[in-house]
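Structure first, then comments.
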Amino acid sequence: MVSARSVDRQLDACFSNLMVSSGGGRGQAETGGAMPMLSGWKDLPMELLMRIISVAGDDRIVVVASGVCTGWRDALGWGVTNLSLSWCQQNMNNLTISFAHKFTKLQVLTLRQIKPQLEDSAVEAVANYCYDLRELDLSRSFRLSDRSLYALANGCPRLTKLNISGCSSFSDSALIYLSCHCKNLKSLNLCGCGKAATDESLQAIAQNCGHLQTLNLGWCDNVTDEGVTSLASGCPDLRALDLCGCVLITDESVIALASGCPYLRSLGLYYCQNITDRAMYSLANSCVKSKRGRWGTPRSSSSSSKDVDGLANLNISQCTALTPPAVQAVCDSFPSLHTCPERHSLIISGCLSLTNVHCACGLQRHRAGSALQATSHAY
């Protein structure tokens, strides 16, 4: 834990740098008046305190400074909107409980852990006081139970980004409840949440969270085509979907995504070994459709390039049923997919039959190398 003395030293250094950079030493000469004297740190104007804290750039200082006096606590409570406690290697749970009531204006909170520390009591404290919270990272919180999700659903309805990857104890009923109350979610990381991510919970997400853009379902092995097709119809704004390790899905999932999610830019299918060429051709054909409006009319010139370009990242590693012509068709349809080392975004590791698939720039390099080799043999 950071001591008050070390905080004083860091604040002194930041204050000195701030005064030099702002020309504070010239104030008396230029104005003809005396600079106000500060008897101690507690006399700092709140605007200057906030600026010094921002220059320090250390969330540990923020936490300790909030305990100096009620004035500082109130100023930081109103001014700090982004906080990370990932640096805390011990007692993160108690620390979170102790600061939650001080920082009621938090919008972004990171509680990522190296070793599990957080318990439901800490999340409940955050939910009770941080009503404006928009982004929360609880990844690797193995000790949390459904109590945490219920608390967030009731206390933080404005959440737009939630990372609960690795929280393997959550159930699908708790996730369904959360989706019914946090309908503004745009990014949700459920990687490794095998009990929570089921077809039933994905159907609830599709029904309630229509603005969802990023979803990670990595290694959620209970997910089937039923859940993914629900997402494709209920979340048309999806930009990134990770289905790595979802071993039960088939071509039907990819076909639904190709048809229902025209803005999809990143798709992870690692180890989805039921995926065949049929899924690849559906992706390739969706590119032709995406260049026209939903009802067959050309897209306006104002459409962003990200919307029109389509897939920019595709992971089909270990999808051993795929053949080169089908994957090449996808690569040819989406110029942003690359097999070349510099911009490797079509990942095909573990698929030995696909080694001759090349993006446009990779194909040119391959042909140039072949021509050079032929020339050298001629001589």
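Assorted remarks:
- Test: residue in segment 167-176 that is touching a helix residue (DSSP H, G or I) at 6+ places or on another chain (Cβ under 9 Å) and charged (D, E, K, R): yes
- Test for Ala371: is it modelled with pLDDT of 95 or more, open to solvent by less than 80 Å² (accessible area, probe 1.4 Å), outside any loop (DSSP other than H, G, I, E, B) and out of contact with any Leu (no Cβ under 6 Å at 6 or more places or on another chain): no
- Residue pairs whose Cβ atoms lie under 6 Å apart, sitting 6 or more positions apart in sequence or on different chains, and linking a residue in segment 139-166 that is within 21 Å of Asp242 (Cα to Cα) to a partner that is of a type outside the set (D, E, K, R) and at pLDDT below 95, are Arg140/Gln113.
- Residue in segment 323-358 that is farthest from the chain's Cα centre (by Cα), counting only those that are among the hydrophobic types (A, V, I, L, M, F, W, C) and assigned to a loop (DSSP other than H, G, I, E, B): Val357
- Filter result (open to solvent by less than 30 Å² (accessible area, probe 1.4 Å), hydrophobic (A, V, I, L, M, F, W, C) and at pLDDT 90 or above) within segment 58-102: Leu83, Leu85, Cys88, Met92, Leu95, Phe99, Ala100
For every residue, the table says whether it meets (1) under 21 Å from the mean Cα position of the chain (by Cα); (2) buried (at least 17 other Cβ atoms within 10 Å of the Cβ).
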{"residue": "Leu109", "(1), (2)": "yes, yes"}
{"residue": "Pro116", "(1), (2)": "yes, no"}
{"residue": "Asp120", "(1), (2)": "no, yes"}
{"residue": "Arg134", "(1), (2)": "yes, yes"}
{"residue": "Arg158", "(1), (2)": "yes, no"}
{"residue": "Lys161", "(1), (2)": "yes, yes"}
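- No other residue among Ser141, Ser171, Ser148 is among the small types (Gly, Ala, Ser), in contact with an Asp or Glu (Cβ under 9 Å, 6 or more places away or on another chain), under 19 Å from Gly218 (Cα atoms) and open to solvent by less than 10 Å² (accessible area, probe 1.4 Å) apart from Ser141.
- Single condition Thr320 does not satisfy, out of (1) modelled with pLDDT of 90 or more; (2) assigned to a loop (DSSP other than H, G, I, E, B); (3) open to solvent by less than 60 Å² (accessible area, probe 1.4 Å): (3)
- Those residues of segment 263-317 which are assigned to a loop (DSSP other than H, G, I, E, B), farther than 14 Å from Cys331 by Cβ and at pLDDT below 95, in sequence order: Lys291, Gly293, Arg294, Trp295, Gly296, Thr297, Arg299, Ser300, Ser301, Ser302, Ser303, Ser304
The values are calculated or read from the model by the stated rules, or taken from the named source; none is laboratory data. Everything numeric in this text was worked out from a predicted model, so none of it was measured. Note that each Cβ is placed from the backbone with ideal geometry, even for glycine, and that neighbours are counted across all protein chains shown. When the accessible area is computed, the model is the full protein with side chains, heavy atoms only, and any ligands, DNA or RNA have been set aside. Shrake-Rupley method; radii C 1.70, N 1.55, O 1.52, S 1.80 Å.
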